[in-house]
Amino acid sequence: MATSVEPRLAPGTVIAGKWNQNRYRIERLLGEGANGRVYLVERERVLYAFKVGADAVDLQSEVNVLKSLAQRQRGEEAFLVDVDDYKGTDGREHPFYVMRYVRGSSLSDYLNREGADWFPLVGFHLLNKLAGLHGSGWVFGDLKLENVLVGDYGRAQLVDYGGVSEIGKSVRQFTEIYDRGYWSAGSRSADPQYDLFSYAVLCVQLFEGKRLAELTRTLLPQNRVPEELMKLIQGNPALKPFAGWLRKALQGSHTDSREAAAAWQRLAHRPGKRRRTRTPRWMRRLLLGSALLFAASMIWLIRTGL
Amino acid sequence: MRQILLITDGCSNVGVSPVVAAAHAQSEGITVNVVGVLDQEEAVDYGAPEIHEIARAGGGLSRMVAMRELARTVQMMTRKTVMHTIQSAVHKELQQVFGATSLEELSPDKRGEVVRVIDELGETSPLEVALLIDTSASMKPKMKAVEEAIHDLMLSLQARQGKSRISVFRFPGSRHGAECAQVLEWTDSAAGLPSLFAKITMQGTTPTGPALMHVIDFYRQDKYGRDNREETDGMRSGNVG
């Protein structure tokens, strides 16, 4: 049962679908997931994300999930565009599917570029995405930094649906450090709390990545408990305001993910000593500038008026 | 669905060839997966050819991994094997129903239907995994990682909707020259998995083949017992030693 690792598709290669006859031109490799590779492709001047699977069953499972999501979440844009096979240069058939291309950067790149002030909002968007999935009867499963893209104004997107599992079944795919079972904090059954747990770890990974890696290296399995994650949260100024929320996520005591998202948002809006709201220098300068201008124009008015 | 998962770090050196034993297992519908645990930082995998051969004969997968990869590998292999077992069964049906020899011959729509069935069966079919652990002397520093992997596997199996259980065997069995001994009876719960290998004296020989035969025999008798008594928990204590 060897899993075929097909050769990488070179930029410029044209792929023709066997069933639907669509033609795609490979632009570049976007990423490599657990179940295959994702390329940026072009068809009739529109860019798409194109996923080639190593295994027909795994890929088809993902397609099934995406289709069922599209049916249940009619509000969302249909992101599954095409499902087909192509014949590779190795003479074998490779299954692929095509999705809407989501432009965005990784969460850490985004916060580095735009500032950590965006974190609460991005988090809220992400929680809403998860709540949407949960509402349709699914759990994302493999939530981790690599599977989140952030677009303009902190709009977070989930990518790679390989781990998406029906509520009540087992989580299909997960990553150890984000896994509730790994931290002795519960089962690997798909429930909304599973995603919220991973979300809490994702927050820790974002701000305390080094310490988290250190923990996973040094802790004995029996000592891998959420309390260790809480220590990192308490010690980080960006996470501390959310400590209560994160604790509930790690304990699985958020009963409803919509409510959890709303609670997160309330924390994000909470005014107070958390932020020393210093007026940015450019704003102070602008204010000074306009005051001077005002004074000058008043003087001018008074003089000419007289 | 029945699997044997062999965790070892070297070459067998006593008794019947483990490749022959694995082929026996395969013929009885038991899939044999093999994980070779590498020494820390050391990439000498002199056992690798045999490990791959055993898995090939047993219709399963084989991997050489470092200790910290062990839990993840065991979990992933078990899952893959479940899916593969179901796929092979479904492929036979495919031929009869659609006249197709592979999934790729079906149109994407039909394929979607078939995979839905595969996924459903993968989640709900009963599963038994007998873990066969090499406890020869060189495995000693790796036993913590093995215990963790067993615990982790149980955690994943518990989340399945289908009935899943594991049993653990070690080889060699004891000082008295037994090839194999059961250290954990069939269980479906990770809660309180005992520290399996704490009291065990680790020693020399590696009778991989005879140990495999022993586990196949255990499966066979287990099945026989259940067929006769029609009990759901047709297990036997299986203490050999």
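Taking only segment A:2-33 into account, find how many residues are within 14 Å of chain B (Cβ to nearest Cβ) and either open to solvent by 80 Å² or more (accessible area, probe 1.4 Å) or at pLDDT 90 or above (or both). Working first, answer last.
Narrowing segment A:2-33 to residues within 14 Å of chain B (Cβ to nearest Cβ): A:2-4, A:6, A:17-22.
Still in the list and also either open to solvent by 80 Å² or more (accessible area, probe 1.4 Å) or at pLDDT 90 or above (or both): A:2, A:17-22.
Final tally of qualifying residues: 7.
With A:Arg37, A:Arg113 as the choices, which residue is without any contact (Cβ under 8 Å) to a residue 60 or more places away in the chain and outside the structural domain of A:Glu27 (by TED's automatic domain parsing)? Full working, then the answer.
Numbers: A:Arg37 fails: outside the structural domain of A:Glu27 (by TED's automatic domain parsing).
Matching residue, one of A:Arg37, A:Arg113: A:Arg113.
Just need a number here: residues in segment B:76-85 that are more than 9 Å from chain A (Cβ to nearest Cβ) and open to solvent by less than 30 Å² (accessible area, probe 1.4 Å).
Final tally of qualifying residues: 3.
Considering only residues that are touching a helix residue (DSSP H, G or I) at 6+ places or on another chain (Cβ under 7 Å), open to solvent by less than 50 Å² (accessible area, probe 1.4 Å) and over 26 Å from A:His134 (Cβ atoms), look in segment A:176-229 and name the one that is modelled with the lowest pLDDT.
In this case the residue turns out to be A:Pro221.
Which residue, of B:Ile166, B:Ile150, is under 17 Å from the mean Cα position of the chain (by Cα), within 14 Å of chain A (Cβ to nearest Cβ), surrounded by 22 or more Cβ atoms within 10 Å (Cβ to Cβ) and within 16 Å of B:Val74 (Cα to Cα)? So that I can check it myself, show each step before the final result.
On the way: B:Ile166 fails: within 14 Å of chain A (Cβ to nearest Cβ).
Exactly one residue qualifies, and that residue is B:Ile150.
Checking B:Arg68 against (1) in a helix (DSSP H, G or I); (2) within 11 Å of chain A (Cβ to nearest Cβ); (3) within 29 Å of B:Gly173 (Cβ to Cβ); (4) modelled with pLDDT of 90 or more: exactly one of these is not met. Which one?
Only one criterion in (1) in a helix (DSSP H, G or I); (2) within 11 Å of chain A (Cβ to nearest Cβ); (3) within 29 Å of B:Gly173 (Cβ to Cβ); (4) modelled with pLDDT of 90 or more is unmet by B:Arg68, namely (4).
Considering only residues that are open to solvent by 50 Å² or more (accessible area, probe 1.4 Å) and part of a helix (DSSP H, G or I), which ones fall in segment B:190-214?
If the condition is that a residue be open to solvent by 50 Å² or more (accessible area, probe 1.4 Å) and part of a helix (DSSP H, G or I), then B:Met213 is the only one that fits.
From A:Val139, A:Val122, A:Val83, which residue is within 14 Å of chain B (Cβ to nearest Cβ), in contact with a strand residue (DSSP E or B) (Cβ under 9 Å, 6 or more places away or on another chain) and at pLDDT 95 or above? Outline the logic, then answer.
Details: A:Val122 fails: within 14 Å of chain B (Cβ to nearest Cβ); A:Val83 fails: at pLDDT 95 or above.
Within the list A:Val139, A:Val122, A:Val83, the selection yields A:Val139.
Go through the residues of segment B:1-12 one by one and say whether even a single one is open to solvent by 10 Å² or more (accessible area, probe 1.4 Å) and modelled with pLDDT of 90 or more.
Checked segment B:1-12: at least one residue is open to solvent by 10 Å² or more (accessible area, probe 1.4 Å) and modelled with pLDDT of 90 or more.
Quick test for you: out of A:Ala54, A:Ala49, pick the one residue that is more than 14 Å from every other protein chain (Cβ to nearest Cβ) and either under 22 Å from A:Gly132 (Cβ atoms) or of a type outside the set (Lys, Arg) (or both). Spell out how you get there, then give the answer.
Values: A:Ala54 fails: more than 14 Å from every other protein chain (Cβ to nearest Cβ).
Criteria check complete, one pass: A:Ala49.
Test A:Val98 against the stated conditions and say whether it is out of contact with any helix residue (DSSP H, G or I) (no Cβ under 8 Å at 6 or more places or on another chain) and either more than 23 Å from A:Ala156 (Cβ to Cβ) or in contact (Cβ under 8 Å) with a residue 40 or more places away in the chain (or both).
yes
Residues being facing another protein chain (nearest Cβ under 9 Å), within 17 Å of A:His94 (Cα to Cα) and of a type in the set (A, V, I, L, M, F, W, C): count how many of those fall in segment B:97-127.
2
State all residues of segment A:238-252 that are open to solvent by less than 30 Å² (accessible area, probe 1.4 Å) and assigned to a loop (DSSP other than H, G, I, E, B); if no residue qualifies, say none. Reasoning before the result, please.
We begin by selecting, within segment A:238-252, every residue open to solvent by less than 30 Å² (accessible area, probe 1.4 Å); these are A:239, A:241-243, A:245-246, A:249-250.
Residue satisfying the conditions is A:Leu239 alone.
Quick one: B:Gly47 ticks every box in (1) at pLDDT below 90; (2) open to solvent by 50 Å² or more (accessible area, probe 1.4 Å) bar one, so which box is it?
(2)
Is it true that A:Leu47 is open to solvent by 50 Å² or more (accessible area, probe 1.4 Å), more than 30 Å from A:Gly209 (Cβ to Cβ) and not β-branched (Val, Ile, Thr)?
Against the criterion (open to solvent by 50 Å² or more (accessible area, probe 1.4 Å), more than 30 Å from A:Gly209 (Cβ to Cβ) and not β-branched (Val, Ile, Thr)), A:Leu47 qualifies.
Only one of these conditions is not met by A:Gly209: (1) out of contact with any Leu (no Cβ under 8 Å at 6 or more places or on another chain); (2) away from chain B (no Cβ under 11 Å); (3) on the phi > 0 side of the Ramachandran plot. Which number is it?
Condition not satisfied by A:Gly209: (3).
Of the residues that sit in segment B:128-147 and are more than 9 Å from chain A (Cβ to nearest Cβ) and acidic (Asp, Glu), which one is surrounded by the most Cβ atoms within 10 Å (Cβ to Cβ)?
The selected residue is B:Asp134.
Restricting segment B:175-189 to residues that are at pLDDT 75 or above and assigned to a loop (DSSP other than H, G, I, E, B), which is farthest from B:Val146 (Cα to Cα)? Show your work before the answer.
Just the residues of segment B:175-189 that are at pLDDT 75 or above, to begin with: B:178-189.
Cutting the leftovers down to assigned to a loop (DSSP other than H, G, I, E, B) gives us B:178-180, B:188-189.
Working: B:Ala178: 22, B:Glu179: 19, B:Cys180: 17, B:Asp188: 18, B:Ser189: 17 Å.
Checked segment B:175-189; the qualifying residue farthest from B:Val146 (Cα to Cα) is B:Ala178.
The values are calculated or read from the model by the stated rules, or taken from the named source; none is laboratory data. Bear in mind the structure is a predicted one, so any value in this text is a computation, not a measurement. So basically every Cβ, Gly included, is an ideal-geometry build from the backbone, and we count neighbours across all protein chains shown. When the accessible area is computed, the model is the full protein with side chains, heavy atoms only, and any ligands, DNA or RNA have been set aside. Shrake-Rupley method; radii C 1.70, N 1.55, O 1.52, S 1.80 Å.
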